[in-house]
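Asks: Got a structure for you, written out below as structure tokens; questions coming shortly.
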Amino acid sequence: MLNQWISEARPRTLVLASGNCIVGAALGFYYGAVNLYTLTLALLIVITASFLQILSNFANDYGDAISGADAVGRLGPMRSIMEGGITLNQLRRGMAVVILCAAFTGFIAVCMAFGNNLDAIALFLFLGVISIVAALLYTIGLAYGYKGLGDIAVFIFFGPLSVIGPQIMITAASGGGTDIYPDTIALSVSIGLESVMVLHINNMRDMATDRINGKHTLAVRLGARLSAIYHAILFGIVVLTSFAACYMSHKGTEIAILAITLIPLMASTVRIVRNVSDARLVAAEFKFTILGITLHTLGWIIVLTVDFWYYYA
């Protein structure tokens, strides 16, 4: 049973959710302070983000199960709910537990970050509630993920909220106020669009079955050729905004580090564009895209670490 729940949580997607918040926290350390308090806060932020990602995964599979959207013959991995290892009732209870865990760790993190700043606490708790509701409604009820709105939601929650939010929280906990810096904004766009690329790969993979089952994702609406162009444009903006963030607030020579770390993601993007009409080849690129995004994240952590020691050591 434990293996089935681990499978249902989709561990590979947690790398994406936690990595985005780690970059935001690293920006917070750069503009704030690194100490036991802020490190503990960063850990709570990453844990909360991981809980929210697990909730999203559970809710997506629950919504797909009750709507019949995950038909036999899909190319994606089989989920425990599809194989009968976890029942719908068990999955509902699992979602409730994860919501409580996310609310608990998130509340502590927000209070640690803002202390007596009640306005900031209220705002970030509201954003936390919105994140939970958005995760649930992706394929349940409103099911906006079936209407081609998933890309926008993923960009917002995995980009600005996952990068700018942690940066503000860490700098505030460091006594540095709640300012947002130019590189944080640019990088939140870059990282948010990387996350959209991951979603788009899944949607390109499932175009045939999604079209049959009434799942009108953006990939279904665009078709194979335009989906490939869209994916290439996403990658181009990822590169430009990442480089812009580095150029605006860091040493321009460090763009070389980012360029190297973006090579695997570029290679995967080229293969996807070239093989967009073959769903099986597109599906095979999921793991390479996650790898490429992880390397880009590590590249930014290296840039921020080098700059931190250069300016503050």
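The values are calculated or read from the model by the stated rules, or taken from the named source; none is laboratory data. Computed from a predicted structure; not experimentally measured. Positions of Cβ are backbone-derived with ideal geometry, glycine not excepted, and every protein chain shown enters the neighbour counts.
Asks: Please enumerate the residues belonging to the range 197-220 that are surrounded by 14 or more Cβ atoms within 10 Å (Cβ to Cβ) and over 24 Å from Ile290 (Cβ atoms).
Replies: Across the range 197-220, the qualifying residues are Arg211, Asn213, His216.
Asks: Right, next: Out of everything in the range 26-53 that is outside any helix (DSSP H, G or I) and among the small types (Gly, Ala, Ser), what residue ends up being surrounded by the most Cβ atoms within 10 Å (Cβ to Cβ)?
Replies: Looking at residues that are outside any helix (DSSP H, G or I) and among the small types (Gly, Ala, Ser), I get Gly32.
Asks: Okay, next question. Say we look at the range 270-311 and pick out the residues that are of a type in the set (Phe, Trp, Tyr) and within 20 Å of the chain's Cα centre (by Cα); which of these is surrounded by the most Cβ atoms within 10 Å (Cβ to Cβ)?
Replies: Once the filter is applied, the top-ranked residue is Trp300.
Asks: Looking at Ser56, Ser7, can you tell me which residue is assigned to a helix (DSSP H, G or I), closer than 19 Å to Pro160 by Cβ and out of contact with any Pro (no Cβ under 7 Å at 6 or more places or on another chain)?
Replies: Ser56
Asks: Same structure again: Quick one: Ala173 ticks every box in (1) modelled with pLDDT of 95 or more; (2) within 20 Å of Ile237 (Cβ to Cβ); (3) in contact with a Phe, Trp or Tyr (Cβ under 9 Å, 6 or more places away or on another chain) except a single one, so which number is it?
Replies: All conditions pass for Ala173, except number (2).
Asks: Can I ask one more? Name the residue that is surrounded by the fewest Cβ atoms within 10 Å (Cβ to Cβ), counting only residues in the range 131-171 that are over 28 Å from Asn213 (Cβ atoms) and of a type in the set (A, V, I, L, M).
Replies: Ile164
Asks: In the range 232-254, what residues are of a type in the set (D, E, K, R) and part of a helix (DSSP H, G or I)?
Replies: Once the filter is applied, which keeps residues that are of a type in the set (D, E, K, R) and part of a helix (DSSP H, G or I), the range 232-254 yields only Glu254.
Asks: Mind checking which residues of the range 255-313 are out of contact with any His (no Cβ under 9 Å at 6 or more places or on another chain) and not in a helix (DSSP H, G or I)?
Replies: Within the range 255-313, Asn275, Ser277, Asp278, Glu285, Ala313 qualify.
Asks: Continuing with the same structure: Can you tell me which condition Trp309 does not meet? The list is (1) touching a residue at least 12 places away in the same chain (Cβ under 8 Å); (2) over 23 Å from His200 (Cα atoms); (3) among the aromatic types (Phe, Trp, Tyr), and all the others hold.
Replies: Of the numbered conditions (1) touching a residue at least 12 places away in the same chain (Cβ under 8 Å); (2) over 23 Å from His200 (Cα atoms); (3) among the aromatic types (Phe, Trp, Tyr), the odd one out for Trp309 is (1).
Asks: Here's a check for you: in the range 221-255, which residue that is in contact with a helix residue (DSSP H, G or I) (Cβ under 7 Å, 6 or more places away or on another chain) and among the polar types (S, T, N, Q) is nearest to Val198 (Cα to Cα)?
Replies: Here the residue is Ser227.
Asks: Something else: Could you check Leu125 against (1) touching a Gly at 6+ places or on another chain (Cβ under 9 Å); (2) over 20 Å from Leu16 (Cα atoms); (3) modelled with pLDDT under 95 and say which number it fails?
Replies: Here Leu125 clears every test but (3).
Asks: Please state which one of Val238, Val189 is under 24 Å from Val110 (Cα atoms) and either surrounded by fewer than 19 Cβ atoms within 10 Å (Cβ to Cβ) or without any contact (Cβ under 8 Å) to a residue 60 or more places away in the chain (or both).
Replies: Val189
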